[in-house]
Amino acid sequence: MDILTIIEKKRSKQILSKEEINFFINAYTKLHTIKDYQAAALLMAINLNGLNDQEIYYLTDAMLHSGNVVDLSSVKGIKIDKHSTGGVGDKVSLILAPICVALGLKVAKLSGKGLGHTGGTIDKLESINVNCNISKQKYLSLLKTVGMFIASQTEDLVPADKFLYALRNSTGTVQSIPLIASSIASKKLALKTDYIFLDVKVGDGGFNRTIEDATKLSNELLKIFKAYKRKCLIHITNMTQPLGRAIGNALEIKSSIEFLKGNPECNEVKILIYDFLIDILITTKKVNNRNKAKILIDEVISNGAALKIFYKWVCAQGANEKLITSGEYFHPKYHYEIKASKSGFVNYKSTKSVGLSSFFLGAGRLRKEDPLDYQAGIYLNKIRNEPVHKGDVVATLYSSKPIKKEAITHFVNNLEINQKPLKISPVIVKVMK
């Protein structure tokens with residue numbers, strides 16, 4: 001068996017066998033006998049010609065078993081995992097997880113760092129000195145004592161995904177649905193939780209530009225999880241606009257804490273998180289109706305239980321309690337206010353461009369090893385369709401370094417003020433299971 005034959009088969013739109021896929025994953029990620037240019041050729045052939053359901057299952061399984069699997073059965077209680085495909089201003093996991101714990105669930109989650117215009121949960125946590133590089137023993141300890149953890153993927157968990165993702169990112173094959181599905185599923189299956197909840201973003205601010213692509217990806221993921229007998233619920237959510245007002249690392253931590261204090265940054269964020277939570281509570285059989293679920297969510301926010309869990313969790317993973325409770329973690333040296341040139345209703349022509357504006361300020365990276373400015377980001381004083389008068393502050397740009405004219409120009413060029421509000425899609429597009 002050799003890689004050239006496998007490349008030629010997929011280039012010719014033939015079906016790869018389990019043995020051929022296992023050979024590729026093992027030779028590329030363990031033995032290192034397949035070169036990057038050869039692996040890139042196969043990824044491009046997959047990107048162009050796709051994989052069928054069986055091939056996607058084989059690829060997921062090979063990636064999953066390229067490393068270890070974490071058994072969480074020693075921890076009592078219902079254990080869930082929540083994952084987002086990534087977007088602009090997506091701080092949902094930071095808010096949702098402590099609320100779930102306050103409501104009696106356990107949350108086990110592996111997250112990644114952001115690339116390009118999309119933010120990463122790990123980056124946000126590291127902006128407040130949370131240690132996300134923890135051992136499997138620490139996973140279990142945190143689940144038992146705090147009820148949750150969010151951690152970086154360790155070297156021995158799905159190592160094949162790390163090799164393939166880095167190559168996909170540098171070869172223009174990130175958008176391939178079979179490759180996205182196997183990447184997400186292998187990481188979720190590596191933690192043996194009872195339920196998997198996924199947020200698949202659709203719109204120019206996420207990886208899936210169309211509802212058709214988001215639905216296709218969701219169907220592939222559901223098929224994989226069904227084959228592994230894992231319970232899964234998927235929300236396809238709107239990323240045609242930034243999620244909320246805060247975009248950046250420390251800035252999104254600040255916004256998350258405010259939500260847990262009962263001060264959501266906007267109604268769209270509250271709708272999304274409450275709908276997620278209600279579906280999670282019903283799916284895990286914690287409640288049997290939506291109204292009761294909402295009452296319970298309101299209760300753990302209003303009585304401070306969810307916020308207390310947040311503080312306990314981040315401090316258990318290394319954050320300084322005084323720093324977090326005082327808010328001193330967000331202290332940008334520079335800021336610049338973008339003001340409205342006329343009156344009307346705000347619109348951001350491209351969500352991706354808003355994310356890139358934050359990236360240009362220093363909040364994002366091109367490569368995983370690039371340093372970040374944790375203080376950099378954007379606060380949208382006015383979100384889409386909110387009224388504004390001439391001279392009002394539309395957005396505030398933050399950075400630890402002097403803000404360059406190019407970053408301001410990029411943001412302003414993406415801003416428009418209309419005479420009437422635009423018609424926009426609901427926050428949650430559809431739910432699949």
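Structure data summary
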{"read-out": "10 Å Cβ shell holding at most 12 others, DSSP loop, GluC sites (Glu not before Pro): longest site-free stretch of the chain", "value": "156-327"}
{"read-out": "5 Å binning of all Cα-Cα separations within the range 116-251, expressed as whole percents from 0 upward", "value": "2, 8, 15, 19, 22, 20, 11, 3, 0"}
{"read-out": "Whole-Å distance, taken between Cα centres, linking the range 303-320 and the range 366-433", "value": "29"}
{"read-out": "Directionally averaged projected area (convex hull, Cα atoms, the range 9-159), nm²", "value": "10.9"}
{"read-out": "Rounded percent of accessible protein surface that carbon and sulfur make up, the chain, 1.4 Å probe", "value": "52"}
{"read-out": "Cα gyration tensor category, rounded, prolate or oblate, for the range 234-355 with a/c compared to 1.5", "value": "oblate"}
{"read-out": "Global form of the range 146-214, assessed from the alpha-carbon gyration tensor, a/c cut-off 1.5", "value": "oblate"}
{"read-out": "Net charge of neighbours whose Cβ lies under 9 Å from the Cβ of Val92, counting Lys and Arg as +1 and Asp and Glu as -1", "value": "0"}
{"read-out": "Pairs beyond 29 Å (Cα-Cα), from Lys13/Lys349; Lys201/Lys333; Lys113/Lys339; Lys187/Lys352; Lys91/Lys138; Lys352/Lys430", "value": "Lys13/Lys349; Lys201/Lys333; Lys113/Lys339"}
{"read-out": "Solvent-accessible area per residue, Å², over the range 26-107 with all protein chains present [probe radius 1.4 Å]", "value": "35"}
{"read-out": "Shape of the range 266-309, Cα gyration tensor, a/c cut at 1.5", "value": "oblate"}
{"read-out": "Max mean-square fluctuation residue, GNM over the chain, Cα-Cα springs under 10 Å, options Asp199, Asp279, Asp298", "value": "Asp298"}
{"read-out": "Per residue, in Å², the accessible surface of the range 326-433 once ligands and nucleic acids are set aside, probe 1.4 Å", "value": "57"}
{"read-out": "Helix-only mean residue ellipticity at 222 nm for the chain, each DSSP H run of n ≥ 4 adding -39500 (n - 2.57), per residue, nearest 500", "value": "-13500 deg cm²/dmol"}
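The values are calculated or read from the model by the stated rules, or taken from the named source; none is laboratory data. Remember, predicted model here, so these are calculated numbers, not experimental data. Positions of Cβ are generated from backbone atoms using ideal geometry, with glycine treated the same way; all protein chains shown enter the neighbour counts. Note: accessible area is taken over every heavy atom of the protein model, side chains too, but ligands, DNA and RNA are not part of it. Shrake-Rupley method; radii C 1.70, N 1.55, O 1.52, S 1.80 Å.
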